[in-house]
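One structure is given below, encoded as structure tokens.
Values quoted throughout were computed directly from the atomic coordinates according to the rules given, and no laboratory measurement underlies them. Source: prediction; values computed, not measured. Positions of Cβ are generated from backbone atoms using ideal geometry, with glycine treated the same way; all protein chains shown enter the neighbour counts.
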Amino acid sequence: MMISAINKYYYPSFTSLNREVKDADGNIKHRNNTCLFRSDMNWSALNGYIKYRFSQDKKVNIYDYACSDGSEAYSLALKLNDEFGEKDAKRFFPIIAKDYDEFTIDKAKSGKIALNAEDVQMLDFELNDYKKYIDIPYVSNPIIMVMGHVNPKFKDNVQFETADIMQDCSNIPKNGTNLILCRNFWPYLPSDEDRIKLAEQLYNSTDCKLSVVIGGFDKTDSNADNALRRAGFRESKHLPCIYEKAPFSDYDKVLETPQLAAIRYMTEDLKSYGY
Ligand SMILES: C[S@@+](CC[C@H](N)C(=O)[O-])C[C@H]1O[C@@H](n2cnc3c(N)ncnc32)[C@H](O)[C@@H]1O
């Protein structure tokens, strides 16, 4: 059975940033839409995967391309702190987060994230003690947006830079163990050829262990998954947005064991979503 990418009961709020950028002819160039713990990802399942895949690695380089306002990178950073503990989580930090849109990177660098009550609920669902990581004014009305401030102690867990993934991939040091998030932007690349080229660049970005994570939008609205498979990546059988370069992990087999029935249980009724 495939573990749904979608978290039960929640849908993307797109509260933190909901912005459309058009080119000179008025065509949509990209959208910056994002939010904390965007629900096309099962964040607990991703964490379980990271724990297994990188259990022996003293340093894991995490890149978050097309990071928008930083909500995604902070979702992962906070989740890693929560699950691994601050000391062990250090081997994943700083997460290097990049987007080619300067407007979003300026927002990300501020460490401020706009949220509504639904996002706060999501933080509470994902983290043991979200108040430790992010200061949020009291939200009484669910439709009112407030500004959350990432606690300075955790702000430096993520470093932001402006970069186009198509050029920047080749700058990744070849000798590192890498986890690369590049989610919900593949449809904005100009053509299938660009997506194929990017998949190959990602594959060749390191000579060591590598896992790539894409988003739901990438699979529904582009050929990102085919491009990654064609480049040599193997798609996880149970975690539908994770792609591995050899040496492959045997996490799919682990997920078939009764010990992880709890994760399956969490997502079982989501078969109806088609995952
Ligand atoms: C819909 S947002 C996705 C944000 C986040 N990854 C998520 O899943 O919530 C798409 C982002 O991709 C960025 N983007 C599009 N093409 C890019 C490229 N070639 N290099 C880097 N960023 C890119 C846009 O600026 C935008 O912020």
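Counting every other Cβ atom within 10 Å of each residue's Cβ, Met145, Met41 order from fewest to most as Met145, Met41.
For region 1-146, the share of DSSP beta bridges that are antiparallel, to the nearest 5, is 60%. Within straight-line reach of Lys245, meaning a Cα separation under 17 Å, sit the following aspartates and glutamates at least 8 residues removed in sequence or on another chain: Asp57, Glu200, Asp207, Asp225, Glu235.
Cβ-to-Cβ counts within 10 Å put Cys208, Cys241, Cys35 in ascending order as Cys208, Cys241, Cys35, the fewest first. Legend: ranking of residues Thr177, Thr257 from fewest to most surrounding C-beta atoms inside 10 Å; resulting order Thr257, Thr177. Taking the chain as a Gaussian network of alpha-carbon nodes connected by springs under 10 Å, the highest mean-square fluctuation of the residues Gln121, Gln201, Gln56 belongs to Gln56. Each DSSP beta bridge with both residues in region 105-239 is either parallel or antiparallel, and the antiparallel ones are about 60%. Entry note, the chain: the mean residue ellipticity at 222 nm calculated from DSSP H runs of n ≥ 4, each adding -39500 (n - 2.57), is -9000 deg cm²/dmol after division by the residues and rounding to the nearest 500.
Only beta bridges with both residues in the chain are counted; by DSSP, about 50 percent of them are antiparallel.
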